[in-house]
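Here is the structure we will look at, set down as structure tokens.
The values are calculated or read from the model by the stated rules, or taken from the named source; none is laboratory data. None of these values were measured; they are calculated from a predicted model. Please note: Cβ atoms are built from the backbone with ideal geometry, for glycine as well, and neighbour counts cover all protein chains shown. Heavy atoms of the whole protein, side chains included, go into the accessibility calculation; ligands, DNA and RNA do not. Shrake-Rupley method; radii C 1.70, N 1.55, O 1.52, S 1.80 Å.
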Amino acid sequence: MRIIHTADWHLGKSLKSQSLIEDQIYILDEFLKLINEEKIDAVIIAGDIYDRAIPPIDAVNLFDETISKMTERKIPVLCISGNHDSAERLNFGSKLFAQSNFFINTKPIENPAPIILNDKFGEVYFSLIPFFEPIEIAHIFAQNELDANTANKIYVTEARKKIPAGLRSIAVAHLFATGGLTSESERKFVGAVENVDAANFADYNYTALGHLHKPQTMKKTGYVVRYSGSLLKYSFDETNYNKGVTLIEIDGAGKTSFEHIDLKPRRDVRIVEGTVAELMKSARSSDYIHANITDKNHVLYAMEKLRDSAFPNILSVQFVNLKREIENPARVADAAENVSVLEYFADFYKFETGEELSGVERLTMEKFLSKLESEQL
């Protein structure tokens, strides 16, 4: 059986206030092309379909259209909710959708039955384990207060009871596995409270995880626990990640092989570095850009200059040398007594522009401060 494992679509997400919906439409079209080319038997979506509990309508329409195209191809889709999704909203119509081979599970239940698909070797059992809070499991199974790992272990144990011994099985879950590498675009956890031990899934031939945006495999012996990563780069610290999906192949004996397949985005997410003058000479690019600017003095309208010259989709800039000076304690002097507001302003102006106030500018500021003071009196 050939299966695509994907997760963390985050439909409706923005990057630095830039809507990514057009980029998501493009990448899902590439995703559908890959499904056709690779002759896929099933698709796993391991949570975080949307970026927030109440997604924008264009995100909902995109998900609907994408799922419709897969089910029209008679490809079973196995889906769970993630921590960004609304379990209640995503669960709407789930019983009806199952008739079209779209299987979605958004809530933990007392008797978590597997979804069973067949290939030429027989049955493959899929446990769909949605994102949940430990308190939900404690309530369902009449337990005392639980941590995330114990709650997960209890639920996986219940799911395994429905799978005959020795038969092929795959788990789908959305969680933070101990040792996973995070990035800025994920919800951060404090300490190890939310950590789940990958060994909880040791009885599965393959575990398809969502939540972490970097494609990565938890190194285990005898079983595979893997994050496919997100379809797109959703923060600038993900610039070096290769985004795409994982192609899984499971044989008749349950031996599982997998490979990461890159998907080329409409626009890349990149970091560039140099002076404003140097960057303005760069080849024009429509990528989403963050610029680390190395000028020692502040350059007015730096982002506008870079947007007009080389990077029409530049989203942020940082003056890295200025930042280092500000962070240097030696750069911050104690406020001196009897120093006028005008002198403070003159110092600030010089720090920001590298230039002294001109005589006309100083006189204008003096008049402004004098008027302000008289109004306050």
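Taken about its Cα centre, the chain carries a charge dipole of about 1400 debye when Lys and Arg each add +1 at the Cβ and Asp and Glu each add -1 at the Cβ. Taking the DSSP beta bridges in the chain as the whole, what percent of them are antiparallel, to the nearest 5? Here the antiparallel bridges make up roughly 35 percent for the chain.
Which one, 343, 184, 22, has the greatest fluctuation when you compute a Gaussian network model over the chain with C-alpha springs under 10 angstrom? The residue with the greatest mean-square fluctuation here is 343. Note on the range 87-130: with charges restricted to the Cβ of Lys and Arg (+1) and Asp and Glu (-1), its dipole about the Cα centre is near 140 debye.
What the Cα convex hull of the range 98-195 gives, in volume per residue, is 141 Å³. With both residues required to sit in the range 1-115, DSSP beta bridges show an antiparallel share near 15%.
One decimal place: the segment residue 73-residue 100 gains 8.7 nm when fully extended, by the rule 0.36 nm per residue minus the C-alpha distance. For the chain, a Kirkwood radius taken over Cα pairs fed into Stokes-Einstein (25 °C, viscosity 0.890 mPa s) yields D = 103 µm²/s. Taking every lysine pair in the range 163-282 that is 8 or more places apart or spans two chains, those with Cα atoms closer than 22 Å amount to 12.
Counting only protein chain heavy atoms and rolling a 1.4 Å probe, the accessible areas of 106, 221 rank, largest first, as 221, 106. A viscosity of 1.002 mPa s and a temperature of 20 °C, combined with the Kirkwood radius over Cα pairs in Stokes-Einstein, give a translational diffusion coefficient for the range 5-122 of 143 µm²/s. With all protein chains in place and ligands, DNA and RNA left out, the 1.4 Å accessible area ranks 95, 153, 350 as 95, 153, 350, largest first. Among 269, 103, 279, whose Cα lies farthest out toward the positive end of the dipole of the chain, if unit charges sit on the beta carbon of Lys, Arg (+1) and Asp, Glu (-1)? The Cα lying farthest towards the positive end belongs to 103. Between 139, 174, 213, the residue with the greatest mean-square fluctuation in the GNM of the chain (Cα pairs under 10 Å linked by springs) is 139. Rounded to the nearest 10 square angstrom, residue 218 shows an accessible area of 20 square angstrom against a 1.4 Å probe.
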